[in-house]
Amino acid sequence: MSRFGCTITVATGKVPSSQSDFTWKAVTANFPIGAKDGGADSILNGGGNLRAYVDDTKAVQLPVEIVTFVTGGSPDIEVWGRSPTLNVASTVYIEADTVATSQPAVTVTYGRNNVWQDYHFASHDGVINSTGSGATTTTTGTPVFNSDGVDLDGATVIYDVASLEDVELVSLKFDVTVVGSSNNKFFVAAGGGGFFDGGFGVGNFGSGNKSLRSFKGNDNGNILASSGSNAYVNNVIFTAHGTYDQTVGIVIYVDGSPIASGATSGDYKGINPELKIGNANADIIIHNVYAYQGVISADRATSEFNNQDSPASFWTTSAWEDQDAGGGITADGAITLPSLVFAGSATDSTSEITAAGDITLPSLVFAGSATDSTSEVTAAGDITLPSLVFAGSATDSTSEVTAAGDITLPSLVFAGSATDSTSEITAAGDITLPSLVFAGSATDSTSEITAAGDITLPSLVFAGSATDSTSEITAAGDITLPSLVFAGSASTSEVGQVTAAGDITLPSLVFAGSATDSTSEITAAGDITLPSLLFQGNASDSTSKITATGAITLPSLVFAGSATDTETTEVTASGAITLPSLVFQGSATDSTSEVTVSGAITLPSLVFAGNATAGQVISDFTIQIDNTAKIIETTPNSFTIRI
């Protein structure tokens, strides 16, 4: 499934200046039809797969809170998020994630609580505190909690908010509708003990002229700012916003504009960590309340009001569309493609071919020419690929071929020419690869072939020409490799691994080991048959290992060991080992070669060349002949078997 997404962009004139860590609101009108119609490409009902980012590169994810997300015939959406920076023309990229089905937990980085990380308290309905601070609620009177907020008529709601204690800077913002007479009554106050002692709030103290005032202390004095008359209209919702700053002073805003200011009266310190909403017969409806841990500037107050009062006009919205560069081919039946090239020429480009039946691709090239490009071929049936090349020419490019049936690849090349390029071939059935080359020409390139059945590889080369390149072949069944070469020509380059749960048959095998720290391993749960095996090991610290739970048969084996500390070469079997011809050349300092078996060892021809200082250290050891232990005495360049 492709990624679908859109952008919402701040409209002209809605943000007077750049705002950092800005908590924003988006609603139904901000989402295009395709995002909310409940169709196959829509965001899930409930918003579980909605994700938000700074832009479509998805380098910076944003925390979001889904208050409501109803899709279908009558969509209803309220989403909050927080952007590190928001200005005119700033965008938020909204995506229907292709994997996720639920929102992140509220406590994690991109969850709900982090949207409100700069707030002591945030409630959209007067009931739930979205900061996750665990505020407890007590009431005086009988408030009515409904979808519009809290209907207070002679009632007070008190939230115990521990984070409000000893706060010196605070901003209180709330949407309120004054229903009846609310003279000399506060609307929202923070801190407080008794009535307002030690607290800061905004309320109506105008004796009927509808003046808004901020205060500190009790209701008999310490009025810090007072507006003129008619600051609001009864039965009409408005946004009140008061800030307490011991340095700058007090400001009261209505609908984003300052209407009153005054000097502070000492530091604000909340005697009790409380947030009080309504008091003593205040006949109001509180729609939401936010207590910010700091002071909101005039520009920020305007920006918040513009966003929260009318999200529909605050944002402009793009179309809901496939965000993947490239294209996709999907069929319920079979797909036949005589020639296919995935050029992958753009960052984050994705190309997919998916079939419920078989896929036939006579010529397939994954060029992977851009960072993070991804190409996938997937079939519920078989995949036939007469010619396949994974060029992997860009950082982090990924190519995958996956089949529920068999995969047939007469010619396959993993060029791996860029850092961290990855190529994978996976089959639930068998994999047949007449010609396979792992070129591995770039740092950290990885190539993998995995089959639940058998793997047949008439010709296999692990070139391993770059640092840390890795190639792996794994089969739950047997592996047949008539020709296998581990070239290992670069530092730590080749970790070449061939692993089978069954038997491994290798008519021709060469471990060239031409670079520092190159490693090659062959492991079988069954038997290993190697008619011709050469460990050249011509670089420092190269390692080659052959291990079998069953028997190992090696008609011709040479440990060349031509470099310092070069070859730690091991051949290990739980069964018998048969070596018609074995040569330990040991031509460099400290090279070590070992042959170990739990059963018998048969060595018709054995040579220890040992022609370098400390190169071949041959101590007395035991060899079994006719099940009788015999002792070998050695000199630096010869040995004697005493029968």
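One table, with the values for the structure above:
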| item | result |
| --- | --- |
| Any hit, the stretch 22-30, residues being within 29 Å of ASP299 (Cα to Cα), open to solvent by 50 Å² or more (accessible area, probe 1.4 Å) and not β-branched (Val, Ile, Thr) | yes |
| All positions within the stretch 70-102 that are closer than 26 Å to SER163 by Cα and open to solvent by 10 Å² or more (accessible area, probe 1.4 Å) | ARG82, PRO84, THR85 |
| Conditions (1) in a strand (DSSP E or B); (2) touching an Asp or Glu at 6+ places or on another chain (Cβ under 8 Å); number of the one not met by ILE94 | (2) |
| Close pairs from the stretch 292-316: first in a strand (DSSP E or B), partner among the small types (Gly, Ala, Ser) and modelled with pLDDT of 95 or more, Cβ under 7 Å, at least 6 apart | TRP315/ALA11; TRP315/ALA26; THR316/ALA11 |
| Residue count for the stretch 105-121, restricted to those that are assigned to a loop (DSSP other than H, G, I, E, B), open to solvent by 10 Å² or more (accessible area, probe 1.4 Å) and within 30 Å of VAL295 (Cβ to Cβ) | 7 |
| Qualifying position, being small (Gly, Ala, Ser), modelled with pLDDT of 85 or more and within 32 Å of the chain's Cα centre (by Cα), among ALA298, ALA325, ALA343, ALA319 | ALA319 |
| Hits in the stretch 92-146 - residues which are acidic (Asp, Glu) and either more than 28 Å from ILE284 (Cα to Cα) or at pLDDT below 85 (or both) | GLU95, ASP97, ASP125 |
| Output for the stretch 221-280, where each listed residue is modelled with pLDDT of 85 or more, among the polar types (S, T, N, Q), out of contact with any Asp or Glu (no Cβ under 6 Å at 6 or more places or on another chain) and surrounded by 15 or more Cβ atoms within 10 Å (Cβ to Cβ) | THR243, SER261 |
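The values are calculated or read from the model by the stated rules, or taken from the named source; none is laboratory data. Here the structure is a predicted model, which means the values were calculated and not measured. We place every Cβ from the backbone using ideal geometry, glycine too, and count neighbours over all the protein chains shown. Remember, those area values only see protein heavy atoms, side chains included, never the ligands or the DNA or RNA. Shrake-Rupley method; radii C 1.70, N 1.55, O 1.52, S 1.80 Å.
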